[in-house]
Amino acid sequence: MKREFAVIGLGRFGGSICEELSQQGMQVMAIDSDEERVNKFSSIASHAVVADATDELVLKSLGIRNFDHVIVAIGDDIQASILATLILKDLGVNKITAKAQNDYHEKVLRKIGADNVVHPERDMGRRIAHNIISKNVLDYLELSDEHSIVEIAVNEKLGGKTIIGMNIRAKYGINIVAIKRGNEIIVSPQADELIKIGDVLIVIGADSDINRFEKKVL
Ligand code: ADP
């Protein structure tokens with residue numbers, strides 16, 4: 001069965017989620033209180049409706065409860081974002097992802113039961129900062145306040161060694177979960193796998209340990 005999504009708020013963030021989900025062949029209902037925005041999405045999403053997401057009756061009449069996943073992408077109007085999330089939760093929506101504007105907003109969204117809270121500007125800022133600090137850090141995904149997954153380009157210092165030879169688990173407490181080599185991806189590589197220059201290591205661990213590894217090795 002095709003999964004069904006609803007995206008509330010069709011600004012830059014919600015709009016791009018809506019476009020991408022539609023492009024991936026998903027059923028998407030696009031919702032916004034602004035008619036012009038909704039019109040833009042009428043040919044992209046499966047359905048596009050003008051609706052105020054802070055109105056419980058309206059959300060009920062859209063059958064929002066039956067969607068597998070609802071994304072609350074209301075931008076600056078924090079009050080509307082919180083109220084919409086609360087109503088969705090009350091109506092028993094299976095999964096809610098909400099966009100937070102700041103840390104307090106994030107806290108409230110979590111408290112009222114949003115399953116997933118995203119903070120795109122902050123997260124992207126952090127990723128870019130990591131890229132800027134070290135040209136070997138290609139990408140960065142925050143798992144929690146203290147843990148991340150990082151993609152590290154293998155340079156001359158790392159290349160030519162085996163995983164066991166680098167001894168990174170014992171020395172730094174971090175793990176290589178995969179190696180990208182051209183188009184190939186080696187998942188859970190063996191300890192005797194030879195690391196080559198140009199490989200990309202995908203490592204997981206505590207931020208402090210990953211930082212130590214970055215500084216020492218890169
Ligand atoms: P972004 O930063 O992602 O561009 P915007 O603030 O531009 O975010 O977009 C948020 C969207 O949410 C706007 O299109 C706005 O009309 C919509 N929106 C705001 N309040 C509501 C509401 N109560 N119900 C539905 N849509 C809303």
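The values are calculated or read from the model by the stated rules, or taken from the named source; none is laboratory data. Quantities reported herein were computed from a predicted structural model and do not represent experimental measurements. A quick note on method: Cβ atoms are made from the backbone with ideal geometry, for glycine too, and the neighbour counts reach across all protein chains shown.
The C-beta contact set for the stretch 18-35 (first residue without any contact (Cβ under 8 Å) to a residue 40 or more places away in the chain and under 14 Å from Ala51 (Cβ atoms), second residue away from the ligand (no atom under 16 Å from the Cβ) and assigned to a loop (DSSP other than H, G, I, E, B), distance under 7 angstrom, 6+ apart or interchain) comprises Met29/Ser46.
Of all residues in the stretch 94-115, count the ones that are assigned to a loop (DSSP other than H, G, I, E, B) and within 15 Å of the ligand (Cβ to nearest atom). So the answer is 3. A residue that is within 15 Å of the ligand (Cβ to nearest atom) and out of contact with any helix residue (DSSP H, G or I) (no Cβ under 6 Å at 6 or more places or on another chain) cannot be found anywhere in the stretch 148-160. Taking Ala80, is it surrounded by 13 or more Cβ atoms within 10 Å (Cβ to Cβ), modelled with pLDDT of 95 or more and not charged (D, E, K, R)? Against the criterion (surrounded by 13 or more Cβ atoms within 10 Å (Cβ to Cβ), modelled with pLDDT of 95 or more and not charged (D, E, K, R)), Ala80 qualifies. Looking across Ile82, Ile31, Ile74, one residue alone is more than 10 Å from the ligand (Cβ to nearest atom), of a type in the set (A, V, I, L, M) and touching a strand residue (DSSP E or B) at 6+ places or on another chain (Cβ under 9 Å). It is Ile82.
The residue list His119, His105, His69, His130 contains one member that is surrounded by 15 or more Cβ atoms within 10 Å (Cβ to Cβ), of a type outside the set (A, V, I, L, M, F, W, C) and under 17 Å from Ile31 (Cβ atoms), which is His69.
Scanning the stretch 182-218 for residues that are under 26 Å from the mean Cα position of the chain (by Cα), surrounded by 14 or more Cβ atoms within 10 Å (Cβ to Cβ) and either part of a helix (DSSP H, G or I) or not hydrophobic (A, V, I, L, M, F, W, C) (or both) yields Pro189, Asp199, Gly205, Asp207, Asp209, Ile210, Asn211, Arg212, Phe213, Glu214.
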